[in-house]
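K.L.:
Pasting in a structure now, in structure tokens, and then I'll have a few things to ask.
The values are calculated or read from the model by the stated rules, or taken from the named source; none is laboratory data. Keep in mind the model is a prediction, meaning the values are calculated, not measured. In this analysis, Cβ positions are derived from the backbone assuming ideal geometry, glycine residues included, and neighbour counts consider all displayed protein chains. Calculation scope for accessible area: heavy atoms of the full protein, side chains included, ligands and nucleic acids excluded. Shrake-Rupley method; radii C 1.70, N 1.55, O 1.52, S 1.80 Å.
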Protein chains: 2
Amino acid sequence: MPTFTSFDYQMMSRAIKLAQRGRFTTAPNPNVGCVITQGESIVGEGFHFRAGEPHAEVHALRMAGEKSVGATAYVTLEPCSHYGRTPPCAEGLIKAGVARVVCAMQDPNPQVSGRGIQMLRDAGIDVQVGLLEADALALNPAFIKRMKTGMPFVQLKMAASLDGQTALANGRSQWITSKQARQDVQAYRAKAGAVLSTSQTVLADNASLSVRWAELPTGVQAEYLQEELRQPIRVILDRQHQLHGDLKLYAHDGAVLRVAGEQADVCVALDEHEQLNLAETLADLAKHHNINHIWVEAGATLAKSLLEQQLVDELILYLAPKIMGSDGRGLFGALGLTDMQQVLNLNIQDCRMVGPDIRVVATPELKDE
Amino acid sequence: MPTFTSFDYQMMSRAIKLAQRGRFTTAPNPNVGCVITQGESIVGEGFHFRAGEPHAEVHALRMAGEKSVGATAYVTLEPCSHYGRTPPCAEGLIKAGVARVVCAMQDPNPQVSGRGIQMLRDAGIDVQVGLLEADALALNPAFIKRMKTGMPFVQLKMAASLDGQTALANGRSQWITSKQARQDVQAYRAKAGAVLSTSQTVLADNASLSVRWAELPTGVQAEYLQEELRQPIRVILDRQHQLHGDLKLYAHDGAVLRVAGEQADVCVALDEHEQLNLAETLADLAKHHNINHIWVEAGATLAKSLLEQQLVDELILYLAPKIMGSDGRGLFGALGLTDMQQVLNLNIQDCRMVGPDIRVVATPELKDE
């Protein structure tokens, strides 16, 4: 592990903050930031803003101009080595005459990992890797998961009363959670590559499942302008072909993908319960639609299936300060458990107030099959 | 409102911290602290430790000795004016020659409120009231409630999985919550004047409902020594006279009060559902047993009745990071609600991690009857 100076830490920390500026817009690309220094002065900086547009290094090198000769570049991710919609950043850094490159982490894609670093080293550049790596990993959990496993990162959103009810027995539920919680949901949707739901949920509420800029929290609006709005792809499980063109779903910008056994945008097999194969659906979205990050909003049935099949990375649970009684509709439906050993365990990652409600972020513990 | 100097604020803040030192031991008396100063020096300080032992002012005056002449006394509660097990503190302050008394709040008992202050003023002492009053009120919510309303302060403890289940369908529940949550419960019990439960709960678990010093959180043990341990009175609703002497309940130190329709320590009427009248029970405990603060540990039936009858001041809900399914036993049982307007609303006062679990403190909103 190389040793870094406190100046190195400051600069990489700045690069990570810059990278975060792209968190609503870069999908399916990762968030990346770059800072270029001469001595103890910053001469260039930038971040990746949108897929198809220049990478962070390009912005920073443009700003630095001739001052990049002999400079140090801090990049939150290994510079790319391949020709995509833009030329490789490793080549750009070499051509610009940069003397030293510090990367927070290697490329998570095992097929290219280390190649950009090698390209830089072959050109005689001093390269160091691993500065603030944990922070860099936290920038792009979904991109990294897809690159490493071929599966998307799945966040399951649920909302209930303090006693775990999502609706009264007769189905009434408006509004369990607060306006602030609904704004928070908008911010989560805005970060996702896709919103996954079912035709049942879409039909029940005539839900659009889109991001509505006016309903984002003001803190998000301040750094995510209305004209920059990107809509996640809405992916709807529609085994029985119930979706139709009059739905609000189709009245909003943004693509809709229907998933069914046949005659759909995504065709998958049925599982042993005659339900659409969820793992196959997720893998298809990752592979053919470049979806890193899926935000799931649906009812108890899909939630239960995803959890039982260990396909959930994070549960985002909003608990409203209400008591509705156990005769309502429960969060995950009946599980038929008879022993406490069978209970599904989670780890709480975060727990805080969102307006008058509680938001819990929890990761399911993996069980050995 | 008198004006206070920053030194006044510092001294009253110190008195409030001193008062907190008695929070496990003073019941049914309030927590009170006192600081005595000469110029900008502290010459005496003390707090009320245990009912029947000297009040805070007595400890502080003893420490100050002759330096109390012309001094200022900061007291978190209006000094008492009546002869109880100890002589009135107002008289003590007068005899000691104190020149100025600052009280955080008046006595909450409407029958004596203001009398101590008047006694001091009649003796020519400069008296000011209201410094850090909100903090002083927060020291003794239960004492204050009983003094003002004749009813005890009721905390209802519940524990459930994240999806609101207290047990599986077959009744299995050990252990939903963590060791740390159970230690936290011990600390709450230790602060209460009484623990309220039902013979059903006692018989199901052979529960002792006592405070076990070894199971208190270490932070509590550090300031609450084993030899100081005070047991809350255990109050058991036992309408059908099911308690018997072989239970662990009777194997521990501390009094047990049985509540029933007749032939019991506390006899109360039955309500229209043939259940023991809960409001009458609570009022009796406040009036005849000097109980300020009741900690309730019981099942869904008692919890539901207390909530529906608006007898709960605070709900303390432990949520374990587990999913048990809606076919288990729900927190409050069936409520038969058909409209979201009927839902019981609460306000979250606090939400934090206790070990791996979440602890929610919430106050029910009062409904107009």
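K.L.:
Provide the per-residue ³J(HN,Hα) series for segment B:290-306, in order, calculated from phi with Karplus coefficients 6.51, -1.76, 1.60 and θ = phi - 60°, each as a whole number of Hz, with x at glycine and proline positions.
P.N.:
6, 8, 7, 9, 10, 10, 9, 10, 7, x, 4, 5, 5, 4, 4, 5, 4
K.L.:
Hey, another quick one. For a quick check, take a GNM of chain B with Cα springs below 10 Å and name the residue from B:Pro217, B:Pro79, B:Pro232 with the largest mean-square fluctuation.
P.N.:
B:Pro217
K.L.:
Assume the label is 7 Å from Cα along Cα to beta carbon: what separations in nm does B:Pro2 have to the matching positions in the other copies?
P.N.:
Distances between equivalent label points, in nm: 6.7.
K.L.:
Can you pick out the pairs among A:Lys248/A:Lys287; A:Lys191/B:Lys179; B:Lys67/B:Lys287; B:Lys17/B:Lys148 whose Cα atoms lie more than 30 Å from each other?
P.N.:
A:Lys191/B:Lys179; B:Lys67/B:Lys287
K.L.:
Under a 1.4 angstrom probe, counting protein chains only, how are A:Glu66, A:Glu91 ranked by accessible area, largest first?
P.N.:
A:Glu66, A:Glu91
K.L.:
Also, quick follow-up: When the Kirkwood hydrodynamic radius is evaluated over all pairs of different C-alpha atoms of segment B:102-200, what value in angstrom, to one decimal, is obtained?
P.N.:
After inverting the mean inverse Cα-Cα distance, the result is 17.5 Å.
K.L.:
Another question, if that's okay. Taking the rotation that carries A onto B, look along its axis and tell me which residue of A has the beta carbon nearest to it, distance in whole angstrom.
P.N.:
Axis relating chain A to chain B; nearest Cβ residue and distance: A:Gly164, 1.
K.L.:
Of the DSSP beta bridges with both residues in chain A, give the percent that are antiparallel, rounding to the nearest 5.
P.N.:
45
K.L.:
Dividing the Cα radius of gyration by the Kirkwood radius, what Rg/Rh value follows for segment A:19-111?
P.N.:
Ratio of gyration radius to Kirkwood radius for segment A:19-111: 0.94.
K.L.:
Could you tell me what percent of the DSSP beta bridges with both partners in segment B:166-312 are antiparallel, to the nearest 5?
P.N.:
5
K.L.:
Could you work out the longest stretch of chain A that avoids the chymotrypsin sites (Phe, Trp or Tyr not before Pro) located in DSSP loops with at most 14 other Cβ atoms within 10 Å?
P.N.:
A:176-369
K.L.:
Per DSSP H run of at least 4 residues, take -39500 (n - 2.57); add these up for the protein assembly as shown, divide by its residues and hand me the 222 nm value, nearest 500 deg cm²/dmol.
P.N.:
After summing the helix terms and dividing by residue count, I get -7500 deg cm²/dmol.
K.L.:
Here's something else I'd like to know. Measuring from centroid to centroid over Cα atoms, what is the spacing of segment A:4-63 and segment A:309-368 in Å?
P.N.:
Distance between centres, Cα-based: 37 Å.
K.L.:
Can you tell me which of B:Gly39, B:Gly150, B:Gly114 moves the most in a GNM of chain B? Springs connect C-alpha atoms under 10 Å apart.
P.N.:
Most flexible of the set in this elastic network: B:Gly39.
K.L.:
List the residues, sorted by chain then number, that are 5 or more residues from B:Ala167 or on another chain and whose placed amide H is less than 5 Å from its amide H.
P.N.:
B:Arg329
K.L.:
Further, regarding this structure: Long-range amide H contacts for A:Val101: which residues qualify at under 5 Å (H placed 1.01 Å from N, peptide plane, sequence gap of 5 or more or a different chain)?
P.N.:
Under 5 Å from the amide H of A:Val101: A:Ala73, A:Asp126, A:Val127, A:Gln128.
K.L.:
Could you calculate, for chain B, the ratio of the Cα radius of gyration to the Kirkwood radius, expressed as Rg to Rh?
P.N.:
Rounded to two decimals, Rg over Rh is 1.02.
K.L.:
Let me ask you something else. Starting from the amide H of B:Val354, placed 1.01 Å from N in the peptide plane, find each other amide H under 5 Å away whose residue is 5 or more places distant or on another chain.
P.N.:
B:Arg359
K.L.:
In whole Å, what are the extents of segment A:162-268 along the principal axes defined by its C-alpha atoms, from largest to smallest?
P.N.:
Largest first, segment A:162-268 extends 43, 39, 23 Å along its Cα principal axes.
K.L.:
Another question, then. Considering only the label points, 7 Å along Cα→Cβ from Cα, what distances in nm to one decimal separate B:Arg212 from the same position in each other copy, shortest first?
P.N.:
Nearest first, the other copies' label points are 5.4 nm away.
K.L.:
Compute, for B:Lys145, the solvent-accessible surface of its heavy atoms (probe 1.4 Å) with the complete set of protein chains present, and express it in square angstrom to the nearest 10.
P.N.:
Ignoring ligands and nucleic acids, B:Lys145 comes out at about 50 Å².
K.L.:
Same structure again: Just to confirm the numbers: A:Leu137, label point 7 angstrom along the Cα-Cβ line, distances to the other copies in nm, shortest first?
P.N.:
The answer, with the shortest distance listed first, is 4.8 nm.
K.L.:
Right, something else. Comparing B:Ile16, B:Ile176, B:Ile323, which has the greatest mean-square fluctuation in the GNM of chain B with Cα pairs linked when under 10 Å apart?
P.N.:
B:Ile323
K.L.:
What Kirkwood hydrodynamic radius, in Å, does the protein assembly as shown give when the mean of 1/r is taken over all pairs of distinct Cα atoms and then inverted?
P.N.:
Here the Kirkwood hydrodynamic radius works out to 30.1 Å.
K.L.:
How much of the DSSP bridge set in the protein assembly as shown is antiparallel, in percent, rounded to the nearest 5?
P.N.:
45
K.L.:
For A:Met63 and A:Asp271, FRET efficiency with R0 = 35 Å and r from the beta-carbon atoms, rounded to 0.05?
P.N.:
After rounding, the FRET efficiency stands at 0.10.
K.L.:
For segment B:76-112 and segment A:207-231, what is the separation of their Cα centres, given in Å?
P.N.:
So the separation of the two Cα centres works out to 60 Å.
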